[in-house]
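Structure, as structure tokens:
The values are calculated or read from the model by the stated rules, or taken from the named source; none is laboratory data. For clarity, every value in this text was computed on a predicted model and none was experimentally measured. A quick note on method: Cβ atoms are made from the backbone with ideal geometry, for glycine too, and the neighbour counts reach across all protein chains shown.
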Amino acid sequence: MQTVTTLPELWANRKAFSGTVGLVPTMGFLHAGHLSLVRQAKAECDHVVVSIFVNPTQFGPSEDLDAYPRDLPHDLALLEEAGVDLVWTPTPEVMYPQGFQTWVEVEEVTRPLEGGMRPGHFRGVTTIVAKLFTGVQPDKAFFGQKDAQQVVVIKQMTRDLNFPIKIVVCPIRREPDGLAMSSRNTYLDPAQREAATVLSRSLIAARTAFESGERDADKLCAIVAEMITAEPLAELQYVSCAHPQTLTELETVDEDGALLSMAVYVGKTRLIDNFLLGGTE
Ligand code: PAF
């Protein structure tokens, strides 16, 4: 496994690959969720590149950029063991050279949900992902369904900018008690960690109602909201039942299905989770 930082090193290694290339973009502090993306990339591509970059422009002024967990030696050991070919660990100076002034901005699908709560977040995400795409030039790029809106936004950007890249979406990886895997879970103390299971429990309750025929979006959201509100350590920021592709809020779930998603504070830690209900994707 090669680890590179600069663009010339990246390009030289990329040029040496002969078959298909899969990219797994990450911000490091890898867990089993990231490793499942790597496994999928290895199953579908001849070469796998993982990028590790804690992207400052997708963090808001009040967010946890400095506190964001980092452990590069451990990440590299995991990636070596997973059989990754190339790891790209650019510095902020490589990604945002002095005088940087070019941004990639996706419009409608970035406005609701996370985009509404975290102004500027998706401008940072799409700009960095576009730069990772142009740097690595992968055939396929692998993202987790945990960041459901990010997946919709990146698919839109990929279509709009004609990137010749297939976006592969991998299922959410969960702890045995249902908590969606996230680097941010490490911030939770034991009581908060226990309380955080309410996210997946509330989604399961809403899905059970959906499977029993409930199609009223407000009622599905209310099931989630009531369970979160009943958990003293949790504070609901939003719950949404939206069209899975356009992300517009639904009144009734039809044959396209729905993205049922939420953001919840447990202590100071902001957690997100979602289920796709029905639909074909
Ligand atoms: O999902 C993430 O970890 C980040 O948003 C990404 C895609 C690596 C861009 O910084």
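Given Val38, Val49, Val104, which one is touching a Leu at 6+ places or on another chain (Cβ under 9 Å), within 14 Å of the ligand (Cβ to nearest atom) and assigned to a loop (DSSP other than H, G, I, E, B)?
On the way: Val38 fails: assigned to a loop (DSSP other than H, G, I, E, B); Val49 fails: assigned to a loop (DSSP other than H, G, I, E, B).
Going through Val38, Val49, Val104 in turn, just one is touching a Leu at 6+ places or on another chain (Cβ under 9 Å), within 14 Å of the ligand (Cβ to nearest atom) and assigned to a loop (DSSP other than H, G, I, E, B): Val104.
Can you find, within the range 57-69, the residue that is nearest to Arg184 (Cα to Cα) among those that are surrounded by 15 or more Cβ atoms within 10 Å (Cβ to Cβ) and not β-branched (Val, Ile, Thr)? Break it down into steps so the answer makes sense when it comes.
Looking only at the range 57-69, we keep the residues that are surrounded by 15 or more Cβ atoms within 10 Å (Cβ to Cβ), and these are 57-59, 68.
Remaining after also requiring not β-branched (Val, Ile, Thr): 58-59, 68.
Numbers: Gln58: 15, Phe59: 14, Tyr68: 8 Å.
Out of the qualifying residues, it is Tyr68.
Cβ-Cβ distance below 7 Å, separation of 6 or more or different chains: which pairs start in the range 11-30 with a residue that is more than 17 Å from Lys140 (Cα to Cα) and end on one that is near the ligand (Cβ under 10 Å from one of its atoms) and modelled with pLDDT under 95?
Phe29/Ser183
Kindly list the number of the only condition in (1) surrounded by 18 or more Cβ atoms within 10 Å (Cβ to Cβ); (2) under 25 Å from Ala263 (Cβ atoms); (3) in contact with a Gly (Cβ under 8 Å, 6 or more places away or on another chain) that fails for Asp75.
(2)
Give Asp46, Asp85 a once-over and let me know the one that is free of Cβ contacts under 8 Å to residues at least 40 places away in the same chain, closer than 14 Å to Gly22 by Cα and among the acidic types (Asp, Glu).
On the way: Asp85 fails: free of Cβ contacts under 8 Å to residues at least 40 places away in the same chain.
Every option except Asp46 fails the conditions.
Only one of Glu226, Glu194, Glu249 is of a type outside the set (Val, Ile, Thr) and under 26 Å from Asp71 (Cα atoms). Can you tell me which? If you could, list the steps in order and put the result at the bottom.
Details: Glu226 fails: under 26 Å from Asp71 (Cα atoms); Glu249 fails: under 26 Å from Asp71 (Cα atoms).
Unique residue meeting the criteria: Glu194.
Please verify whether the range 230-251 includes one or more residues that are among the β-branched types (Val, Ile, Thr), within 23 Å of the chain's Cα centre (by Cα), farther than 24 Å from Val153 by Cβ and crowded, with 18+ Cβ neighbours inside 10 Å.
Of the range 230-251, the ones among the β-branched types (Val, Ile, Thr) are 239, 246, 248.
Filter again for within 23 Å of the chain's Cα centre (by Cα), leaving 239, 246, 248.
Then keep just the ones that are farther than 24 Å from Val153 by Cβ; that gives none.
No, the range 230-251 contains no residue that is among the β-branched types (Val, Ile, Thr), within 23 Å of the chain's Cα centre (by Cα), farther than 24 Å from Val153 by Cβ and crowded, with 18+ Cβ neighbours inside 10 Å.
Matching residues to (1) buried (at least 19 other Cβ atoms within 10 Å of the Cβ); (2) more than 11 Å from the ligand (Cβ to nearest atom); (3) modelled with pLDDT of 95 or more:
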site: Val136; (1), (2), (3): yes, yes, yes
site: Asp139; (1), (2), (3): no, yes, yes
site: Gln149; (1), (2), (3): yes, no, yes
site: Lys155; (1), (2), (3): no, yes, yes
site: Arg159; (1), (2), (3): no, yes, yes
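Any residue in the range 185-201 that is surrounded by fewer than 18 Cβ atoms within 10 Å (Cβ to Cβ), within 26 Å of Ala230 (Cα to Cα), within 16 Å of the chain's Cα centre (by Cα) and more than 16 Å from the ligand (Cβ to nearest atom)?
no
Looking at the range 26-44, can you tell me whether even one residue there is of a type in the set (Val, Ile, Thr), closer than 30 Å to Gly267 by Cβ and buried (at least 18 other Cβ atoms within 10 Å of the Cβ)? Spell out the reasoning first.
Taking the range 26-44 as the starting set, the residues that turn out to be of a type in the set (Val, Ile, Thr) are 26, 38.
With the extra rule that they be closer than 30 Å to Gly267 by Cβ, the set shrinks to 26.
Checking the rest, the ones that are also buried (at least 18 other Cβ atoms within 10 Å of the Cβ) come to 26.
Yes, some residue in the range 26-44 is of a type in the set (Val, Ile, Thr), closer than 30 Å to Gly267 by Cβ and buried (at least 18 other Cβ atoms within 10 Å of the Cβ).
Filter the range 120-130 for residues that are more than 10 Å from the ligand (Cβ to nearest atom) and either in a helix (DSSP H, G or I) or under 18 Å from Val49 (Cα atoms) (or both) and give the result. Even if it seems obvious, please write down each step before you answer.
First, pick out the residues of the range 120-130 that are more than 10 Å from the ligand (Cβ to nearest atom): 120, 123, 130.
The answer is Arg123, Ala130.
For the structure I just gave you, tell me whether Gly115 is out of contact with any strand residue (DSSP E or B) (no Cβ under 7 Å at 6 or more places or on another chain), small (Gly, Ala, Ser) and within 11 Å of the ligand (Cβ to nearest atom). Give the steps one after another, and end with the answer.
Details: out of contact with any strand residue (DSSP E or B) (no Cβ under 7 Å at 6 or more places or on another chain): yes; small (Gly, Ala, Ser): yes; within 11 Å of the ligand (Cβ to nearest atom): no.
It is false that Gly115 is out of contact with any strand residue (DSSP E or B) (no Cβ under 7 Å at 6 or more places or on another chain), small (Gly, Ala, Ser) and within 11 Å of the ligand (Cβ to nearest atom).
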